[in-house]
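Comments concern the structure below.
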Amino acid sequence: MLRFIPILTIVLMIGPVSAGLIGTILPAFGILPALGGTTPSLDPWQALVAQPGLGASIRLSLANGLIATFVSVAIVMLFCAAWQGTRTFHALQRILSPILSVPHATAAFGLAFLIAPSGWFVRVVAQFTGWDRPPDVAIIHDPWGIALIAGLVAKEIPFLFLMTLSALPQADTDRTAQVTASLGYGRIAGWFKATLPRIYPQIRLPVLAVLAYSTSVVDVAIILAPTTPAPLAVRILGWLSDPDLALRFMASSAAVLQLLIVIAAMAIWIAGERLVAIIGAQWAVDGNRCKRDGAARGGAAVMALVAAGTVVLGLVVLLVWSVAGFWAFPDLLPRGFSLRLWARELDAIGNSLTTTLLIGIPAVVIAVTMVLACLENEVRTGKVAGRRAMFLIYLPLLVPQISFMFGLQVFFSLLGLERTLVSVVLGHLVFVAPYVFLSLSEPFRTLDPRYGQTALCLGASPARVFWQVRLPLLTRAVLTAAAVGLAVTVGQYLPTLLIGAGRFATVTTEAVALASGGDRRMIGIYGLFQMVLPFAGFALALLIPAVLFRHRRGMGAQNKG
Amino acid sequence: MRTFVSALALAVGFATTTLSTPAFADPAPDVGNWQSVLDQARGQTVYWHAWGGEPRINDYIAWAGEQVRERYGVEVVQVKLTDTADAVTRVLSEKTAGVDDGGAVDMIWINGENFAAMKRNDLLFGPWAEQTPNFAYVDVEGKPTVINDFTVPTDGLEAPWGMAQVSFYYDTAKLDTVPKSAQQLLEWLVKHPGRFTYPQPPNYMGSTFLKQILTELVKDPKVLQQPADETDAEATLAPLWGYLEDLQPLLWRDGQAYPQNGASMRTLLADNEVDIAFSFSSGEVSSAIEAFELPDTVRSYVFENGTLGNTNFVAIPYNASAKAGAVVLADFLMSPEAQLRKQDPKYWGADTVLAMDKLPKDMQEAFANLDLGIASLAPSERGTVLPEPHPSWMSLVETEWQKRYGVVQ
C-alpha cells in the first residue's frame, strides 16, 4: 500500500495542473464551445500580439521575476555567509517565522503605506520640510517596477532563509568554517568557496519556485507594480474579468504566454547558474583569501535587517490604520482613534476563520500524511530514485496559477465537483503539498539512519520504527511543515474563489473583497486577521515540541539539527 | 501503513459529509402567478453575487436577506466579489462545462456592459422583472434608465435596484471655486497641474469619466445612443482625443500612473494628493466621511450641463439554482421599505428607483423626511441627468485609450 502513495501523490499534483492547462490551452487556440469557438484558430494569438504594450508587459514580468529572485538569493546567501553561527544569525532566525506568516498582499500593503509619497517615511520628512502636499512622484507603481521588486524581496527573503536553514546541517558548515578560517580565509569568502557549492543544489527548487512566483505574481503586483502597462499576469486577470466575453480567448492565449515566460525565466536563471559555476570554480581555487570583509558583513546584516524591518514596520502601520480616525497628510498619527470597525468585524470574523480551518486542516493533514508516506517509502525501499519523479510534485509551484486555474474550474464543473468542500480541499492540496514536501524532505532524509537500524535490530517492525522512533524524532520538523502548509492554504485566493464558487468565505476571500473598497482601515484589519492562523500555526510548531520534550534535553538538540 | 489509509479515508469521509447541497434542476417559476412563485421560493437558498468592497453595503444585503428569510422563508448568502465580471465568468464557465441547471450563481448585481454581454450570450433567465408586484412602484416614466440599461432594453431580464449619477467632490477647506465643465476642468488643471486624475480605464469609473467628457464635447449627443459601428465613430470621438491630448500631461503623476478604482481616488483626496475626485453616488461621500475616510469638510457638486446617470440592477442567470427565490428577493429589493432603507445614508445612501407619486402617503413622507447626509446632493441640486452612451462606445473608448495612453514606457 505504502508504495502506491508516491504515485497517488504525483497524480493528485499533476492531475489538476494538467486538466487546468488543457482547459486554458484549448481556448488559446480558439476552442470554447460555450462562446461559439469550435474550430481551431490562431486568432487569439493575433489579438494578443496586437495588444498595445505587450512587449513592455513581458519585459516587466521577466525582469521583475529575475531581479527579485536574484536579489533575494544574493542577500540570503551573503547573510548566511557573513553571520552563520553567530548571535546575530540566531536573532534573525527568531523573527523569521512571524514574518513568514505575513501574507504577501499584507506585506505589500504595509510596504505601500510606508514608502508611498503620502506614506509614513515622507510624512516624517514633511515634518521638517513643511510640505502639506505629498510630492507628486511615482514611488509605488513606478515605471521600473522597483517597488514591486522591493515588496517581493522583503517577502521572499524569509522563505529562502528558512529553506537554507534546513539545508545547512547537512553541509557540515561549522567544521567547514573552521577549516576555511584556519586556512586564513575571510568568513564570507570561506563560506562562498566551500559551503555554497554544497548548499545551493539543495535550495535550488525553492529558488525556482520563488522565480516562478515572482514572474507571475498578481496580488502584490496590483498593489505595487506599474500600470501603464502592468506586468502580464495582472493584465490577464483584467482580460478575464472584462465584460466582453470574447476576450476570454485572448486571455487564454496570454495565460499560455505567461507559462512560456516562466519557462524562459527559468532557462535564463539556469544559464546564469552555469555561468556562475564556471566563474566560481576558478575563483574558488585562486587562493584569494578576501580577509577584509568587514564592510561586506556589515552590509549583509543591514540588508537583511532592512528587509525584515520593513515588513515589521509595515505591520505596525497597518495596525495604526486599522484603528485610525481621519488621518490627514502630513500627520504622523491619526487625529483620533476608533475601535468601531474592529468591534464590528470581530463579530463577523468567526465564520470566516472556521471556514478557513475547515478547508485548511484537511488539506494540511492530507498533505503531511502523503508527504510522510512518500518519504517513509523512500527509506523502506532504500530507493532515492523516486527523487527524480518527486520533482513532479513541485509542478504546481512552477506553473503560474493564472495559467491553469480557470481551466481547473471548468474541469471540476465537468466532474460535478465544483463548489464542494472536497474540490476546494483538493485545489488547496495542490499548493500545500509541494511546500510541505519542500520543508519536510530534507530533515527526513538526513535523519541519522542508525536510529532506525538499531530499532530494527532490536526486533521492532518497520511500522513501529516509524511511529515510535522516526516520527517522534521528527516532531518539530513535521509541525513546522504543517505550519508552512497552513500558511499556504490560508493565503489561497483564486483557488478558493474559483473552485468553491464563492461558497467558501475564508479570511482571505473576505480580505480581498473588502480591500477592493479601498478603505485602509479595513485593509489593516483584514491584513492582520489573515496573519492570525499562520501565526498560531508557527507558534504551536514551536510550543508543542517544547512542552512535549521538556524533560528530554537531547531532543531539542536533535531536532535543531 | 493501514493507519495512513484509514487517516486518508477519514479525511475524505469528513470532507464528503460536509458537501454543500447537490445541484438540482430548478424549474422556471411562473412569474405571472405570484403565489406559485412564493411557494416555489420557500426553502430555497439564493447565492447572490455582489461586489463586497463596502461593509455598509454588505450589511444592507445581510439585512435584506434576513427580511426575506423571515417573510418568505428564502435564505440569502452574499458571495462577495471584487468585480462583477467574476460572476459573469462563472456563469460562462458553467455553460462551457454544460452545467445548464443547478448553477452556482442565483443573482448578480449588475448593469451596463456586463448586462449587455450576458444578454447577448443568452446567459440570463427571464423575462421576469416587470411582472413582480413591486415593479408597479418603479418610476418608469421619470427615470427611463430603469428599463434601458446603457441604452440596451432590459426586456424584463433584470430588476432596477438603485440609481446612480456622477458627482464630483472636493474639500471646501482647501478649494474655493471648482471647475464645472470639461473645459473649465482643463483650464483649472493648467493652473493646478497634477491635482486631478481618474481611475485607469477599463476600470468602470475611469471609463465613466471619459464618457462624461465625450458626452459634453460631442456635437450631437444623440449619436452616442446608437451602436458605435452604425455611425462615424472616428469623427464622433475626435473631440475627446483632442481634449485628452491637452489633459493627460496635466494629470497627477503626469498621467504615468493612475488610481485603480473609485475608492483609491477617494484615498488620494484624503491624502491631499489631488483636489477633486468623483463618484457615482454623493451618498457614498457622506458615508466615507462617517467612516473617517474623508475630512468632514468635503462636499459634492455636479457639472453645469449635467452628468451621466444610470440605473443598477439585479439579474438572474439562465442556470440559477434558486430562480424563484431570486425573483422573490429582487421583488423585495424594489419594495418601498427596502428602497427607503437603502436611501438612508445611515445604512447606505443610494438613490431610489421608485416614483414618489406612486407610493402610499406614509411612505412618501418617510422618503421626504430622510436626512440625506452632509455631502449628499438633494434631488434639486443634481442638475441634468445625461444618458449613458451605448455600451459599444465604452469598449471603443477603452481600446483606443489603451493604445494612446495605456503604454507610456
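Of note:
- The residues of the range B:286-311 that are within 18 Å of B:Val274 (Cα to Cα), polar (S, T, N, Q) and over 22 Å from the mean Cα position of the chain (by Cα) amount to a single one, B:Thr297.
- Within the range B:41-80, being in a helix (DSSP H, G or I), out of contact with any Leu (no Cβ under 8 Å at 6 or more places or on another chain) and within 13 Å of chain A (Cβ to nearest Cβ) holds for B:Arg56, B:Ile57, B:Asn58, B:Asp59, B:Ile61, B:Ala62.
- From B:Glu284, B:Glu273, residue being crowded, with 23+ Cβ neighbours inside 10 Å, under 22 Å from B:Gln343 (Cα atoms) and within 14 Å of chain A (Cβ to nearest Cβ): B:Glu284
- Qualifying residue in the range B:144-164 (condition: more than 19 Å from the chain's Cα centre (by Cα), closer than 13 Å to B:Asp331 by Cα and not hydroxyl-bearing (Ser, Thr, Tyr)): no
- Residue in the range A:280-292 that is within 14 Å of chain B (Cβ to nearest Cβ), surrounded by fewer than 20 Cβ atoms within 10 Å (Cβ to Cβ) and more than 16 Å from A:Gln401 (Cβ to Cβ) present: no
- Identity of the residue in the range B:123-135, more than 10 Å from every other protein chain (Cβ to nearest Cβ) and assigned to a loop (DSSP other than H, G, I, E, B), that ends up farthest from B:Pro317 (Cα to Cα): B:Thr132
- Checking each residue in the range B:352-369 for being touching a helix residue (DSSP H, G or I) at 6+ places or on another chain (Cβ under 6 Å) and not in a helix (DSSP H, G or I) picks out B:Thr352, B:Val353, B:Leu354, B:Leu359.
- The range A:131-145 residues that are farther than 21 Å from A:Ile222 by Cβ and without any contact (Cβ under 8 Å) to a residue 24 or more places away in the chain, paired with ones that are crowded, with 18+ Cβ neighbours inside 10 Å and of a type outside the set (Gly, Ala, Ser) (beta carbon under 6 Å, 6 or more apart): A:Pro135/A:Pro117
- Exclusive hit being within 12 Å of another protein chain (Cβ to nearest Cβ), part of a helix (DSSP H, G or I), in contact with an Asp or Glu (Cβ under 9 Å, 6 or more places away or on another chain) and not hydroxyl-bearing (Ser, Thr, Tyr), set A:Ala328, A:Ala348: A:Ala348
- Test: residue in the range A:188-197 that is of a type in the set (Phe, Trp, Tyr) and within 30 Å of B:Asp86 (Cβ to Cβ): no
- Evaluating A:Ala150 against the criteria (1) under 30 Å from A:Leu494 (Cα atoms); (2) at pLDDT below 95 leaves one unmet condition, (2).
- Residues that are surrounded by fewer than 23 Cβ atoms within 10 Å (Cβ to Cβ), within 20 Å of the chain's Cα centre (by Cα) and either more than 7 Å from every other protein chain (Cβ to nearest Cβ) or part of a loop (DSSP other than H, G, I, E, B) (or both), drawn from the range B:81-106: B:Thr82, B:Asp83
- Residue check for A:Gly452: among the small types (Gly, Ala, Ser), out of contact with any helix residue (DSSP H, G or I) (no Cβ under 9 Å at 6 or more places or on another chain) and more than 14 Å from chain B (Cβ to nearest Cβ): no
- A:Gln409 meets each of the listed conditions (1) within 19 Å of A:Ala482 (Cβ to Cβ); (2) within 14 Å of chain B (Cβ to nearest Cβ) apart from (1).
- Residues that are under 26 Å from A:Ile67 (Cα atoms), out of contact with any Pro (no Cβ under 8 Å at 6 or more places or on another chain) and within 11 Å of chain B (Cβ to nearest Cβ) do not occur anywhere in the range A:155-165.
- A:Ser441 being surrounded by 20 or more Cβ atoms within 10 Å (Cβ to Cβ), of a type in the set (Ser, Thr, Tyr) and either more than 14 Å from chain B (Cβ to nearest Cβ) or in contact with a Gly (Cβ under 6 Å, 6 or more places away or on another chain) (or both): yes
- Taken together, A:Ala505, A:Ala511 contain a single residue that is assigned to a loop (DSSP other than H, G, I, E, B) and either surrounded by 23 or more Cβ atoms within 10 Å (Cβ to Cβ) or among the small types (Gly, Ala, Ser) (or both), which is A:Ala505.
Here is a yes/no grid of residues against (1) within 25 Å of A:Pro201 (Cα to Cα); (2) in contact with a Lys or Arg (Cβ under 9 Å, 6 or more places away or on another chain); (3) not aromatic (Phe, Trp, Tyr):
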site: A:Trp269; (1), (2), (3): yes, no, no
site: A:Val276; (1), (2), (3): yes, no, yes
site: A:Gln282; (1), (2), (3): yes, no, yes
site: A:Gly287; (1), (2), (3): yes, no, yes
site: A:Arg297; (1), (2), (3): yes, yes, yes
site: A:Val302; (1), (2), (3): no, no, yes
site: A:Leu305; (1), (2), (3): no, no, yes
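- Residue list for the range A:412-432, restricted to those being more than 14 Å from every other protein chain (Cβ to nearest Cβ) and either surrounded by fewer than 24 Cβ atoms within 10 Å (Cβ to Cβ) or at pLDDT below 85 (or both): A:Phe431
- Within the range A:77-136, restricting attention to residues that are within 19 Å of the chain's Cα centre (by Cα) and β-branched (Val, Ile, Thr), the residue that is modelled with the lowest pLDDT is A:Ile95.
- Taken over the range A:209-226, the criterion of being over 17 Å from A:Ala105 (Cα atoms) and not in a helix (DSSP H, G or I) is satisfied by no residue.
- Output for the range B:225-248, where each listed residue is within 14 Å of chain A (Cβ to nearest Cβ) and free of Cβ contacts under 8 Å to residues at least 12 places away in the same chain: none
- Some residue of the range A:339-346 being in contact (Cβ under 8 Å) with a residue 40 or more places away in the chain, out of contact with any Ser or Thr (no Cβ under 8 Å at 6 or more places or on another chain) and surrounded by fewer than 19 Cβ atoms within 10 Å (Cβ to Cβ): no
- Matching entry among B:Gly349, B:Gly325 (being of a type in the set (Gly, Ala, Ser), crowded, with 21+ Cβ neighbours inside 10 Å, part of a loop (DSSP other than H, G, I, E, B) and in contact with a helix residue (DSSP H, G or I) (Cβ under 6 Å, 6 or more places away or on another chain)): B:Gly349
- Members of the range A:15-44 that are among the small types (Gly, Ala, Ser), part of a helix (DSSP H, G or I) and in contact with a Gly (Cβ under 9 Å, 6 or more places away or on another chain): A:Ala19, A:Gly20, A:Gly23, A:Ala34
The values are calculated or read from the model by the stated rules, or taken from the named source; none is laboratory data. Predicted, not measured: the structure shown is a model, and the values here were computed from it. Here Cβ is always computed from backbone atoms with ideal geometry, including for glycine, and neighbour counts include all displayed protein chains.
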